[in-house]
Amino acid sequence: MSPTGRPKKNRAAGFSLFEFAVVLFLISLFFVLVTVPIEGVLSGGDLGQATRMLISEVSRLRGEAAYTRKIQTLVLDIEQNTFYALGSETPAEFRKAEESLFEEAEEVVPGKKDLPTGVLFADVVLNTLGKLQEGKAEIRFFTNGCVDHTLIHLKNEGGKFYTLEINPVTGLIKIHEGYIDQKRQGSRFHAS
């Protein structure tokens, strides 16, 4: 009994259902934030990061071509797994590093970006040249907003593929999981 003569109410110790739900939500959010970046590393390379990098560069070059009224070019070096932009003011020949007796001279390209570790160019399909599996593929961005119709096939060391399809009219990139092979009919690609 309390000093006022009323019986004491015993409150059960523990958590309410709402408190328990909030704690479970926070724990699951933490695990999602931690495991998603690790998933790319464990699967042999982060294809999502490579896709975002290429989408960003395509968007930038398309905008720059429209703004400057000069054709811009995105070069994909399939063997080196790098890409870089060539503007109309870029010199025709890049500066060469000092040559050594034991090494080949490397090109010094401003703005050259590497694909994330573990991600490779499988091949690039250009509407005008067909499938390129080695060398360099050049994607042109015209002043009217049009782009060379292109399929970029990315793969990681885990064997997973992404196909990036650049729309020739809008310049937007459509992302397909897996290797999307397309046949060439006339001047357009059609899914096979």
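For the set His153, His176, solvent exposure ranked by accessible area (probe 1.4 Å, protein chains only) runs largest to smallest as His176, His153.
These residues, Tyr67, Tyr179, Tyr162, Tyr84, go from largest to smallest accessible area, 1.4 Å probe, as Tyr67, Tyr179, Tyr162, Tyr84. Across the protein chains, with a 1.4 Å probe defining accessible surface, the residues Val169, Val147 rank Val169, Val147 from largest area downward. Beyond 20 Å in Cα-Cα separation lie the following of the pairs Lys131/Lys155; Lys70/Lys113; Lys113/Lys155; Lys70/Lys174; Lys112/Lys174: Lys70/Lys113; Lys70/Lys174; Lys112/Lys174. Is the shape of segment 43-85 rounded, prolate or oblate, going by the alpha carbon gyration tensor and its root eigenvalues a ≥ b ≥ c, with a/c under 1.5 for rounded and a/b larger than b/c for prolate? Oblate is the answer for segment 43-85, as a/c is 1.5 or above yet b/c matches or exceeds a/b. Ile180 contributes about 50 Å² of solvent-accessible surface, heavy atoms of the protein only, 1.4 Å probe.
The Thr82 and Leu17 beta-carbon pair, evaluated with R₀ = 41 Å, returns a calculated FRET efficiency of approximately 0.15.
The values are calculated or read from the model by the stated rules, or taken from the named source; none is laboratory data. This one's a predicted model, so the numbers in the text were calculated from it and none came from an experiment. With ideal geometry, Cβ positions are generated from the backbone for all residues, glycine too; neighbour counts draw on all protein chains shown. To get the accessible areas, we keep the full protein, side chains included, count just its heavy atoms, and leave off ligands, DNA and RNA. Shrake-Rupley method; radii C 1.70, N 1.55, O 1.52, S 1.80 Å.
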